[in-house]
1. Along its three principal axes, how long is region 122-187 when you only count alpha carbons? Whole Å, largest extent first please.
2. Give the span of region 30-79's Cα atoms along each principal axis, as three whole-Å numbers ordered largest to smallest.
3. Could you compute how fast region 342-389 diffuses translationally, taking Rh as the Kirkwood radius over C-alpha pairs and applying Stokes-Einstein at 37 °C with viscosity 0.692 mPa s? Give it in µm² per second.
4. Hey, what's the Kirkwood Rh for region 311-365 if you take every pair of different alpha carbons, in angstrom?
5. Take the eigenvalues of the Cα gyration tensor for region 44-201, scale each by 5, and report the square roots as semi-axes in whole Å, largest first.
6. Give me the angle, in degrees from 0 to 90, between the Cα long axis of helix 233-257 and the longest principal axis of the Cα atoms of the chain, rounded to the nearest 10.
7. Kirkwood hydrodynamic radius for region 188-233: how many Å is it when counted over pairs of different Cα atoms?
8. Over region 359-469, what number does the Rg to Rh ratio reach, with both radii from the alpha-carbon atoms and Rh per Kirkwood?
Ligand code: HEM
């Protein structure tokens, strides 16, 4: 009997200890993580699961103080503990020591997850020879001039759609029309095919995205990707949708583009380069699909979010909307639709940069892992294998660089002339105090397309429309994932130019 009791007690002890170790493995950071960096409580990551939250509200309550005081925190996200950094000098170090802080995308972190099936190995997530090969294919296509008449024509369609919606409902929820618009620009101007999205919510690319997104951004699986090891019915459905989406996207790019550019890899057209690379075996089917997906996501989501935030800012700052509209109308009608003339309009560029500074679409990114023990700054020791990421929302508001009003929307801080504005952009990027486009060797390759699209779109909107916030919009940001105004609702008025 005595031995039975001892055995039971021993067993209970082992079970309790084992469970504690498993739970503790999640709830507290690993022992080798730096002790001189504060820890964000584990439950922070679960808040979007428990109640309705707003990313900006969460930032003010939990992240702002420790991040501004220490420049780094330990945080649980994506099934692992990470060191999240924000101090510009730390970020500059990470961008510079790219091989020590090596990119580690979802396909490396959680290869079994639905997220990894979705994003996979592509130009954004890859490293080494694959990254060089993908860059060789994609970079010239993104650096070439695009046919801007496509963007103008799509903007005309969008404006009609917004006015119809306004007439029918008295206000417009902006995310879906802007997604349809940026998808049309991406497919027609960059890929040379057509997703046929504007005014067509049933278009396969829009519909599949709408179905996939709740699975991908489900905070439960984002935080506990290990659950994707199990055959859960909803996750199997998510896998089916992701596979369908990838196959359909690849087929649209292939069939929409076939033989349009006979010059193959000498072409500077992105769609042509991707298709030729696949047809000549430079890319296998997997890498072709994943690079189509990364182009699809980066190429439409970020521009969509930028337009959402910018329209919100101009709705909240009516004086600026009037001023910017006047600057555009002061240009000749041709220049109002010319990418180069608009690039020389200081106020337009400073409004875009200021929006991106305060509201970087990718506000937090945890996608690096140290390949060796390394000292971050003077005194934060990171062991090999530590996941590292950055929070651009905090870094872009660095008071030492941007001044005491760093949290205010003030486009004039960028300067009055286009030379001053561009020079501050370069200085802030090189000092890692403006990281909305990332930085260093892995800087965003789509800046030119994004800026051209944003300038032309704003010119078209301002020439034809006046807008304000719908007074019932609750001014909330998305709870997690890409940072944008949640369900932004605007009210539009048609301007005279439109009627003629
Ligand atoms: C406002 C618009 C945009 C913003 C704020 C933005 C931001 C970013 C950020 C933060 C990264 C780093 C991502 C990471 O490391 O995971 C990135 C990389 C990249 N972006 Fe963009 N992006 C924008 C538009 C675009 C567009 C329109 C394209 C066109 C397809 C594009 C293509 C890329 C590519 C190819 C990379 C990978 C560069 C590399 O690793 O070599 N981006 N972008």
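Every number in this text was worked out from the coordinates using simple rules, so none of it is lab data. All values derive from a computational prediction rather than experimental measurement. Here the Cβ is made from the backbone with ideal geometry for all residues, glycine too, and neighbour counts use every protein chain on show.
1. Its Cα atoms span 53, 25, 11 Å along the three principal axes.
2. If we take the Cα atoms of region 30-79, the spans are 33, 24, 13 Å.
3. Details: Rh = 13.7 Å.
After rounding, the answer is 240 µm²/s.
4. On the way: mean 1/r = 0.0812 Å⁻¹.
Hydrodynamic radius (Kirkwood, Cα only) of region 311-365 equals 12.3 Å.
5. Value: 35, 26, 16 Å, ordered largest first.
6. The two axes meet at around 40 degrees.
7. On the way: mean 1/r = 0.0771 Å⁻¹.
Result for region 188-233 stands at 13.0 Å.
8. Working: Rg = 17.5 Å, Rh = 16.7 Å.
Reported Rg/Rh (Cα atoms, Kirkwood Rh): 1.05.
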